[in-house]
Amino acid sequence: MTDQLKFFSEEWCAAAAAAHEGDLARRQAKALKDPANFNRVLAFSVTERPDLVTHVEIVAGRVVNWTATDFYPDDRIFASFRGATADFREAAEGRTPAANLVMGGKVRLVKGTMKDAIENAKALNVLIGAWGDLPTDWDV
């Protein structure tokens, strides 16, 4: 379908960033442990497609940039998550909270601490759960 965006494409990232406004932005910030001081970059990558990577920058608890092409340096990455497309989709569609997939090892925390992941688990659930509202072509 032409109205769907390829998962983790630059167009998909732009739509994901644009979606983080209003109520979703408020829920995201509220779910963070310390939203006012949460100035971080998160990375997401796909197990079966190592070239499929996205970075999202969050400032004061709000998404300010989401990219699949203009990556941040490694020393700016606060946490990096790697999972199969099917697992990200499972979380996006609300079948399993993203944090549960991390804790169960289906989505791996490949950079960052489990302590920080646990403290911000609700925010990760909101962030990835919102992907389910995007017109996504998961066939990557």
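The values are calculated or read from the model by the stated rules, or taken from the named source; none is laboratory data. From a predicted model like this one, the values you see are computed outputs, not experimental measurements. Backbone-built Cβ (ideal geometry, glycine too); neighbour counts: all protein chains shown.
Per-structure values
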quantity: Hits in the range 116-137 - residues which are surrounded by 14 or more Cβ atoms within 10 Å (Cβ to Cβ), under 21 Å from Arg40 (Cβ atoms) and not hydrophobic (A, V, I, L, M, F, W, C); calculated: Asp116, Asn120, Lys122, Asn125, Gly129
quantity: Selected residue (only one of Val102, Val140, Val107 is touching an Asp or Glu at 6+ places or on another chain (Cβ under 9 Å) and crowded, with 21+ Cβ neighbours inside 10 Å); calculated: Val107
quantity: Candidates Thr69, Thr113, Thr54, Thr85 - the one that is exposed (fewer than 13 other Cβ atoms within 10 Å of the Cβ), within 22 Å of Glu11 (Cβ to Cβ) and among the β-branched types (Val, Ile, Thr); calculated: Thr69
quantity: Pairs with Cβ under 8 Å, 6+ apart, first in the range 90-105 and farther than 18 Å from Thr47 by Cα, second in a helix (DSSP H, G or I); calculated: Glu93/Gly132; Gly94/Gly129; Gly94/Gly132; Thr96/Glu90; Pro97/Ala91; Pro97/Ala121; Pro97/Asn125; Pro97/Gly129
quantity: Test: residue in the range 77-92 that is modelled with pLDDT of 95 or more and in a loop (DSSP other than H, G, I, E, B); calculated: yes
quantity: From the options Val59, Val63, residue that is modelled with pLDDT of 95 or more, of a type in the set (A, V, I, L, M) and in contact with a Lys or Arg (Cβ under 9 Å, 6 or more places away or on another chain); calculated: Val59
quantity: Failed item, numbered, when Asp133 is tested on (1) within 21 Å of Phe7 (Cα to Cα); (2) in contact with a Pro (Cβ under 9 Å, 6 or more places away or on another chain); calculated: (2)
quantity: Subset of the range 55-75 that is touching a helix residue (DSSP H, G or I) at 6+ places or on another chain (Cβ under 7 Å) and not in a loop (DSSP other than H, G, I, E, B) - its residue that is farthest from Gln28 (Cα to Cα); calculated: Thr67
